[in-house]
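The values are calculated or read from the model by the stated rules, or taken from the named source; none is laboratory data. Since the structure is predicted, the reported quantities are computational estimates derived from the model, not experimental observations. Cβ placement follows ideal geometry from the backbone for every residue including glycine, while neighbour counts extend to all protein chains displayed.
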Amino acid sequence: MTELKKYFAVIGNPIHHSLSPQIHSAFAKEAGLHINYEAVLSPLDEFKNTIHKLIEKKLSGANVTLPFKKEAYELASQHSSHAKIAEAVNTLEFKDDQIIGHNTDGIGLVRDLEQNLNVDLKSKKILLIGAGGAAEGVIYSILEKEPSELTLTNRTIKKSNVIQNKMEMHAKSFNMNLNVIEITKLPHQYFDLIINATSAGINNTELGIDHKVFHDSSLAYDMMYDKKTSFIREAQSQGSKTSDGLGMLVEQAAEAFFIWHQIKPKTKSLIKSLREL
Ligand code: NDP
């Protein structure tokens with residue numbers, strides 16, 4: 001009798017650009033698993049129905065991307081600690097009639113920085129630009145690493161204040177130095193690591209940060225991975241080291257793969273081959 005392939009999907013809108021099917025198929029091949037993983041476009045107001053239709057087709061797990069991470073959080077009946085704090089879910093696990101929501105973005109970012117880029121976050125001065133789902137998804141994982149300072153900024157600064165208040169509630173046990181600064185006041189600070197968690201690069205719009213923020217000993221990290229953004233160009237013009245978010249994408253997928261299959265896939269060679277593509 002032929003073995004029934006387990007079924008997984010990534011759900012978003014748009015979804016044609018997603019590298020997740022390629023990444024999970026490569027992990028599965030390396031692990032000797034036979035899975036079926038496909039990209040599913042959900043109509044904007046139909047996320048819940050889309051998931052329920054997929055559950056009828058025996059979906060074992062799903063990745064969730066823009067703009068459904070909040071809806072996935074609401075749909076889940078149980079949450080991992082990181083998903084609970086972010087109030088957003090990028091990985092769903094379907095087990096014994098339960099829907100378990102996880103958020104692997106923070107783990108993905110930290111692993112890419114520490115293991116692939118050799119950046120130790122402990123005692124570093126870090127700037128996080130943006131206050132959308134991606135920033136909210138990674139901030140707790142950054143704080144867990146005990147940087148000496150984490151500064152938040154965003155075009156709409158009130159949203160950074162909201163995240164700061166939330167972290168003061170959730171991350172009480174960490175030795176935390178968390179500030180919020182207006183974008184225009186940034187040039188007077190030094191940062192070891194500057195993370196762009198905005199979507200400004202999607203439309204090629206400028207972030208509006210002064211080039212003096214970048215130093216030749218800083219690392220500028222853009223979560224976007226499919227184009228060279230003005231953030232990266234500006235950082236390079238000031239001599240900073242730079243990285244895009246392709247490693248984060250693969251590492252967050254590796255954590256999702258571990259949740260579903262209890263197997264830790266190797267990531268470095270896949271990041272290299274995707275970058276070459
Ligand atoms: P959201 O829509 O939730 O948030 C967008 C953020 O970008 C907000 O802070 C918004 O500011 C800011 N922004 C948008 N346009 C501009 C602009 N022109 N100037 C300044 N700020 C701007 O998106 P997400 O947080 O979910 O995603 C952000 C980015 O992170 C995307 O590019 C996404 O692809 C990437 N990402 C990468 C991942 C990876 O694995 N590599 C994982 C998750 C996300 P305001 O609040 O003022 O509107």
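A few notes on this one:
- Pick from segment 100-149, criterion more than 17 Å from residue 82 (Cβ to Cβ) and either in contact with a Phe, Trp or Tyr (Cβ under 6 Å, 6 or more places away or on another chain) or aliphatic (A, V, I, L, M) (or both), ranking: surrounded by the fewest Cβ atoms within 10 Å (Cβ to Cβ): 117
- Among residues of segment 209-229, those that are within 10 Å of the ligand (Cβ to nearest atom), of a type in the set (Phe, Trp, Tyr) and in contact with a strand residue (DSSP E or B) (Cβ under 7 Å, 6 or more places away or on another chain), counted: 1
To keep it simple, each residue is scored yes or no on (1) without any contact (Cβ under 8 Å) to a residue 60 or more places away in the chain; (2) in contact with a helix residue (DSSP H, G or I) (Cβ under 6 Å, 6 or more places away or on another chain); (3) of a type in the set (S, T, N, Q).
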{"site": "233", "(1), (2), (3)": "yes, no, no"}
{"site": "238", "(1), (2), (3)": "yes, yes, yes"}
{"site": "241", "(1), (2), (3)": "yes, no, no"}
{"site": "247", "(1), (2), (3)": "no, yes, no"}
{"site": "250", "(1), (2), (3)": "no, yes, no"}
{"site": "257", "(1), (2), (3)": "no, yes, no"}
{"site": "260", "(1), (2), (3)": "no, no, no"}
{"site": "263", "(1), (2), (3)": "no, yes, no"}
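- Residues that are among the hydrophobic types (A, V, I, L, M, F, W, C) and either surrounded by fewer than 19 Cβ atoms within 10 Å (Cβ to Cβ) or outside any helix (DSSP H, G or I) (or both), drawn from segment 12-40: 15, 19, 31, 33, 35, 39, 40
- Residue 118, sole failed condition from (1) within 15 Å of the ligand (Cβ to nearest atom); (2) over 30 Å from residue 7 (Cα atoms): (1)
- Residue match in segment 118-125 (condition: hydroxyl-bearing (Ser, Thr, Tyr) and assigned by TED's automatic domain parsing to the domain that holds residue 178): yes
- Residues located in segment 165-180, provided they are farther than 26 Å from residue 205 by Cα and surrounded by 13 or more Cβ atoms within 10 Å (Cβ to Cβ): 166, 167, 170, 171, 174, 176, 177, 178
- Set side by side, the residues 168, 206, 182 differ, and just one is within 8 Å of the ligand (Cβ to nearest atom) and over 20 Å from the mean Cα position of the chain (by Cα), which is 206.
- Segment 236-277, subset in a loop (DSSP other than H, G, I, E, B) and in contact with a strand residue (DSSP E or B) (Cβ under 8 Å, 6 or more places away or on another chain), residue farthest from the ligand (Cβ to nearest atom): 240
- You will find that of 138, 89, the residue that is under 14 Å from the mean Cα position of the chain (by Cα) and not assigned by TED's automatic domain parsing to the domain that holds residue 68 is 138 and no other.
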